[in-house]
Each structure stands twice: as structure tokens, then as C-alpha cells.
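Colleague: Sharing a structure, written as C-alpha cells. Questions coming.
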Amino acid sequence: MMLRYAARRAVSLVLSLLVASLVIFLVLEIVPGDPAAYMLGVNAQPDTLAALRAELGLNQSATARYLDWAGGMLVGDFGISYTYRTPVAEMIADRLQVSLPLALFALALSTGIALPAGIWAARRRGSAVDVGVMGLTQLGVAIPNFWFAMLMVLVFAINLRWFGAGGFPGWEAGLWPGLKSLTLPAVALALPQASILARVMRSALLDTLSSDYIRTARAKGLTRAQALRRHALRNAMIPVLTIIGLQFSFLLAGAIIIENVFFLPGLGRLVFQAISARDLIVVESVVMLLVFAVIVVNFAVDLAYAWIDPRLRGRR
Amino acid sequence: MKRLTACALAGAMSVAGWAAQAGSDLVVGLQLEPPHLDPTSAAAGAIDQVLYANVFEGLTRFGPDGTVHPGLAESWEISGDGTVYTFRLRPGVTFHDGTALDAADVVFTLDRARDDMSQNAQKALFEGIETVEALDDLTVRVTLRGPDGNFLFNMAWGDAVIVAPESIGNIKQAPVGTGAFVFDDWVQGDRITLTRNPEYWGTPAWLDRATFRFISDPTAAFAAVMAEDVDAFPGFPAPENLPQFEADPRFQVLVGTTEGETILSMNNARPPLNDKMVRRAIAHAIDRRAVIEGAMFGLGTPIGTHFAPHHPDYVDLTHLSSYDPELSRQLLDEAGYGDGFTVALKLPPPSYARRGGEIIAAQLRSVGIETEITNLEWAQWLEEVFRGKDYGLTIVSHTEPFDIGIYARPDYYFQYDSAEFQTLHAALAEQTNPKKRARLLERMQTRIAEDYVNGYLFQLAIPTVANARLRGLWVNAPTQATDLTGVYWEE
């Protein structure tokens, strides 16, 4: 049952990727701007431009370039960057060393804070704790994360000197210096996510706590805590998991602004630089990777639903 | 902290009596990251900002004031007719991979730049070359098609640095030059590290290690300097914060000049801008001071023509286009545009263009000219404005040194076609007598100013914020370089 479910989901995953690759390629095809002209600047001569365009393969037809790119990706070859002239796969792998740990760090912070806070608030509904958590999360959702990031830089980097103002020393400098340089960015990314997640956790738990089966569970003699743990939490996890999945995809792709504030060499900055240089092959590949990540995360979340809630396995 | 200890250690061991000391590290902040590390095959100024004079050297080189000095060529002879240059190379110079610099490397470099498949962004610099021959190991003869007063100047550009056939294959990732610093490491998106070249042929660098960090966001740049994560930031991107650094004893602020003539370019072929009277009206409608104050926080020198004010041959022609809205309206009336007109103003990303564009739009509106502002990215600007010539007005800083010659190209994006200017320009190319050159340059500057080809705004300034103990940084930027060979920490 579980296997067939997984197989069906896998087919739709592949189809989604194919459609995504076409859309990404076509959209970027329309954007004006020539990578060769950007690289050679205002004094470039026509023959120099032609030579560079030929070397980059830009004089081929769009169809040929799409097939080249998409075909290469199937075997893990993302092509060569127009501007950097290095394999795109290597560049992405380098940047993932920053972006992936940053996203995981932020996600760990966000869930680590949000789930206990949401559960606590739901159990003490209407109390001072609940009001406090709700107020703080309201604030957390409202504060723009780049502003919060700049505030933290001002306090912790410029005034207190506990952290550097940004940059990433590389994992080869050691685990602690690496984590330290990701701490402020992770906190800045996690704050709004944690606020949203805490609110979702609280309302999902309140919903289940007021349902009939909890009343039944209490009636058959379970304590409040037992009923919460065995029945309410499990059911409340479905919407929470959905949000966590969405947040992970967002954290991986959406850290562009935070990466700029902390000048981190992550995927976001790579895309940012590549777009302005019209390094289309890099933009296409990174966007494709992010699409892939989103789809895979959704797939994983779907599987997790089925694992948590056996009723879902038979459907769809 | 690590830097301080390194300093103290080096200080303790130093035998030099004066303030300077060898050793210690430096972190330099730059706004833009190089796309790759070959200065001879891209226009990106960021490549020169890291590598020029530090890693790569040419036959000649620019000094801090923009004058041309001997580089890898220690001397040269010029034939009587000005067409044959015989360069004598410095003996004992080696590339960082240990191979010797010889005449064959120079022949290779110049031939590669001139080749049909050349990707040199400034190929025009080499166009006058007829042949390049190695006479012996250390002598190179360059024969030109005709005399060229700019040849030694051209050879000082970053696009003309000497590279070796042994290391050219990998130059974009691992550059190998002859300079006082050796390329060490590049963490893309973050930093490039150079280390001192112990085998350097000239005066060795003071610094042991120099790290360039790439910080594009102005707020992040401010934070990095304030937190002292970065020791020097040439081209500091947030001029509004300069007073704060000036007031802080930890820092020094240097404001220098660049080769960037910032102009309101006009499409001379598109009505109504093809009418000189209209262009003159626009020129008189602009209050340069207000643009400099408003867009650049006071940094920048007003210019009246397309020439750098610090150049000895500069002529001040700002009076030809003084701020006079009344005259401007009168000229528009005479030209038949008493009711004004609407023109497209396309702006590239730099703040001089975006902020300056808003101010100029307001100034033009007050004489009756409406603008339609479009913000463009550089790639779009190059395609639409520069190559497509689909624009009315644009604002751009022409950063190449000594580039008044672009006015002799009728197909250039402002499409100015003046036989008189073209004749003057041709005469200049063949003239090597400094006095006669100055006279020609004066006439060229005056010609374009009196033809009101473009609205001449100001010479772009470059602010550098640095640690107060740092010495030897270039104040001016005669080329887009961050020459660290003479930089040291004062105790």
C-alpha cells in the first residue's frame, strides 16, 4: 500500500520537474540581455563578441541549448557557467555548503522554539502564557527579517563584538567558527518562521483538543497530558508538518536578502549575481535545483503524512 | 585580534627604525566580485581591482597619479617616425609558477590580444600593432601601423598585462603573474586571498597576506567596516555614512578622483535631441551642484566636457553649460519646443544614475521637458541603450581613462558625427609632441562642449574608508586598481 502510494507520487515528481525545466528555460530566454556583451563591456569589438558567443555556445538555437542543458542535468552535468567559466555543479555544491546548513540551522531553531511554545500556549489557553506567546509571535511575523538582521549586526557585531558582521570562514576553519558565522543569519531567518509555526501549532492543537475523540479519551480515563500526547498531538501534526515543509523550501531559496545582509556565499547570492550578469545557465540550474528541493520536500512531507496518519495511505 | 598579535610580533622582530614594518595581514572590502581572474578577457573592473599591479604587471604601468611608468619593460626606444618601439625587459623576472619572463611571453601576450579569436574587451588598444618580434631573450620589437602617441599608455592597461603560455590554460581560476603578490585562494562569493611573493623582482610588498572580501550591500559594507572585520574599503558604497567614519578616530576617510566622467548621454540622432539648440537647452537646465549634493552627498567635481579635471590638459568649460533655466526655456522656444516635449530617460543601476536621474528629471521638468524614467539592469542597458541605441537620455559614468576618442566614432551610442572632431582625433593619434597634443586636446574638448553632445555632469569621486593606522593606500583611482604593493601598518 505504502509502496504503491510512493510510486505514484514519484511519477508526478518527474513530470513536475520536466514542466518546471521548460518553464524556467523559456522565461529566461525572454529576458533581454546578452551574457557575452555584459562580460566584454562597452568597448568590445564585434569580432570579440562573436568569438566569445561562439565559445559560450550562445550562437546555437534555443532548442539545442535546452536539450543540451536538460540532457546534461539527467546525468548530473549542469554545464559551464558563462561568466565564471567553472562547472555549474561545482559552484552549486560550494554554495550548498553554506545554504543547506543555514536552512537546517534556521529550521532547527524555528521548530525548536515554535513547537514547545505553541503546545504550551494551547494547553494554557487564555492564560498569561498564551497571551504572551501570541503577542510575541504577532511581533515576530510583523518584523521584516532583514531589518531584524541589521539590528542584530548593530548590537552583536558592532557594539558587543560577539560575532563578526558577516562572511563565512568555510567549514575547513572548523565546525564552531562555521556555526558561529551562521548564528545571526539563522536567528534572523528563524524568527518569522518560528512565529508562524508557533501559531499554527497552537491552533491545530486547540482544534484537536476540542474534538470528540479527545473527550472520549478523557472519558475512558486518560489524563489531560496522556490524551494530549497519544491522540491530540499526532492529529495536530498534519498542518504543522505542511508548514515545516514549506518553510524548509523557503529557507533554502528565500535567504537571498539575509545572505546579502551578512555577505554569505550561499545560493541566494549566486543567483543574485548570476541574474545581473545574465549567467543564464547558472540561474536556470539553481532555480531548477530549488524546484527539485521543493518537490522532494513536498514528497517527503506527503510520505510523512501517510506515516503519521494511516488513513491517508489508501487515498489518491 | 590575530592581526594585532601578528603586528606586535613583526614589530618586535623588525629591525627597521621607522614606522613601517614588513609582515601582517590586510582585509580589503570590495563591492563587486570578479567573474573570473583573467584581466585580458573581460571588461569587469573588479578583476583589475584585485589583480592589477598586485598579481599581474604589464610592459608599462600606471602610477597613483595616472602617469605611465616602466613596468616589466625597464626601458624602451622609439624610432624617429614613432612607429617602432623596442622594449628592454627587466632581467631575472619570474612568473609565480617559477618560469622566467622573456620576450616570447610578451610576443605571446600581444599576439593573443590581437588574434581573431581574441576575447580581449579592449581589443582596440592593440589594433595599431603591425608585428611583435622577439629580438633576443629580453628584447621585444613592436612595429605599429602608424605613429601612436598613446601606445605606452595603452600598454599600462590591465587588459595588456603580460601572461605566459605555460599558465594561460588555467588563468581564469588560478592566475599566474609576475607581481609582488601571489594568488592563493578564491572562495567564490566570499573572498580572494593573495600572499606576498618572496621572489619579487622589485621592492617586495610589506604585507604578508591580503584578503579581498566581496560585500555588495551598502549596509553590510558599513557594518563590516564598523565592526573592523574589514581594514579598508575602496569605493565605499554608502557615501551618506562617510561623516560618521570621519568623526571616528579609528578610521580615516580618503576621497580621490577617478577616470569616470559622469554624463547625461543624449541620443544625437533622435529628434528632438538631434537639434543642437535642444541639447544646449538641456545642458543649461541642469544644476550640477544640486546633482552632486543630492545624488553623491557632495562627492564629485563638476565637468564641462568629456575629460578628467585632474589631467594636465583639462580645460574648464563648465561656463558653456552653466545652470540657467531662463536661457534654457528661451532656447527651447527658439528651437520650436516652447511647449516642451517628452523624452525617455533610461537609468542603469548605480546610485549616481538612479538618484541623479530623479534630480535631473525634476530640473528638466522646470523648463518644460518631461521625462519617462525606466530603470534598467546593466545587461538590459547594454542591449537596449548601448547596442540598440533605443533611448533619448541616459546617465552613465565613462570609467575608461582618456576616452575622449569615443566621440570620433559615429556609431557610438550617442551617435555624434562630427568631421571636424574626427580630423582632430586622427591628428592626435599621430602627434607625439606634448605641447601640440595639449593644443589638440583643448580643441577636441571645446568642440564637443560647444556641440553640446552630452550633458556633462561631474567626475566620479572614489571614497575609501580605512583603518587609521593603514598607510600607502592609493587615494585616486587612475585605473580600477587596488595597488597594495606599498601598503603597510603603522605602529
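Please treat every number below as a calculation from the coordinates, not as lab data. None of the values given here were measured: they were computed from a predicted structure. FYI the Cβ positions are ideal-geometry reconstructions off the backbone, even for glycines, and counts take in every protein chain you see.
Colleague: Looking at this structure, is B:Gly92 within 24 Å of B:Thr67 (Cβ to Cβ) and among the small types (Gly, Ala, Ser)?
Modeller: No: the conditions fail for B:Gly92.
Colleague: Right, something else. Residue by residue through the range B:129-161, note down the ones that are in contact with an Asp or Glu (Cβ under 8 Å, 6 or more places away or on another chain), within 14 Å of chain A (Cβ to nearest Cβ) and touching a residue at least 40 places away in the same chain (Cβ under 8 Å).
Modeller: If the condition is that a residue be in contact with an Asp or Glu (Cβ under 8 Å, 6 or more places away or on another chain), within 14 Å of chain A (Cβ to nearest Cβ) and touching a residue at least 40 places away in the same chain (Cβ under 8 Å), then B:Gly158 is the only one that fits.
Colleague: Further, regarding this structure: What are the residues in the range B:199-229 that are touching a strand residue (DSSP E or B) at 6+ places or on another chain (Cβ under 8 Å), part of a loop (DSSP other than H, G, I, E, B) and at the interface with another protein chain (Cβ under 10 Å from one of its Cβ atoms), if any?
Modeller: B:Ile215, B:Glu228, B:Asp229
Colleague: Something else: Can you list residue pairs whose Cβ atoms sit under 6 Å apart, with the first residue in the range A:242-263 being within 11 Å of chain B (Cβ to nearest Cβ) and in contact (Cβ under 8 Å) with a residue 60 or more places away in the chain and the second being surrounded by fewer than 20 Cβ atoms within 10 Å (Cβ to Cβ) and assigned to a helix (DSSP H, G or I)? Count only pairs 6 or more apart in sequence or on different chains.
Modeller: Close Cβ pairs satisfying both conditions: A:Ile257/A:Phe146; A:Val261/A:Phe146.
Colleague: How many residues does the range B:103-119 contain that are more than 18 Å from B:Val176 (Cα to Cα) and either in a helix (DSSP H, G or I) or touching a His at 6+ places or on another chain (Cβ under 6 Å) (or both)?
Modeller: 2
Colleague: Please indicate, with yes or no, whether at least one residue in the range B:303-315 is surrounded by fewer than 16 Cβ atoms within 10 Å (Cβ to Cβ) and more than 17 Å from B:Ala461 (Cβ to Cβ).
Modeller: Yes, the range B:303-315 contains a residue that is surrounded by fewer than 16 Cβ atoms within 10 Å (Cβ to Cβ) and more than 17 Å from B:Ala461 (Cβ to Cβ).
Colleague: Can I ask one more? Report yes if some residue within the range B:72-93 is part of a helix (DSSP H, G or I) and among the small types (Gly, Ala, Ser); otherwise report no.
Modeller: no
Colleague: Report, by residue number, each residue of the range B:433-475 that is part of a loop (DSSP other than H, G, I, E, B) and either surrounded by fewer than 21 Cβ atoms within 10 Å (Cβ to Cβ) or more than 16 Å from the chain's Cα centre (by Cα) (or both).
Modeller: B:Asn433, B:Asp451, B:Tyr452, B:Val453, B:Asn454, B:Ala468, B:Arg469, B:Gly472, B:Leu473, B:Val475
Colleague: Of the residues that make up the range A:230-239, is at least one surrounded by fewer than 17 Cβ atoms within 10 Å (Cβ to Cβ) and either touching a Pro at 6+ places or on another chain (Cβ under 7 Å) or of a type in the set (Gly, Ala, Ser) (or both)?
Modeller: no
Colleague: State yes or no: is B:Asp115 touching a helix residue (DSSP H, G or I) at 6+ places or on another chain (Cβ under 7 Å) and among the acidic types (Asp, Glu)?
Modeller: no
Colleague: Any idea how many residues of the range A:155-174 are among the charged types (D, E, K, R) and within 9 Å of chain B (Cβ to nearest Cβ)?
Modeller: 1
Colleague: Working only within the range A:35-93, note down all residues that are of a type in the set (Ser, Thr, Tyr), surrounded by fewer than 20 Cβ atoms within 10 Å (Cβ to Cβ) and within 13 Å of another protein chain (Cβ to nearest Cβ).
Modeller: Once the filter is applied, which keeps residues that are of a type in the set (Ser, Thr, Tyr), surrounded by fewer than 20 Cβ atoms within 10 Å (Cβ to Cβ) and within 13 Å of another protein chain (Cβ to nearest Cβ), the range A:35-93 yields only A:Thr86.
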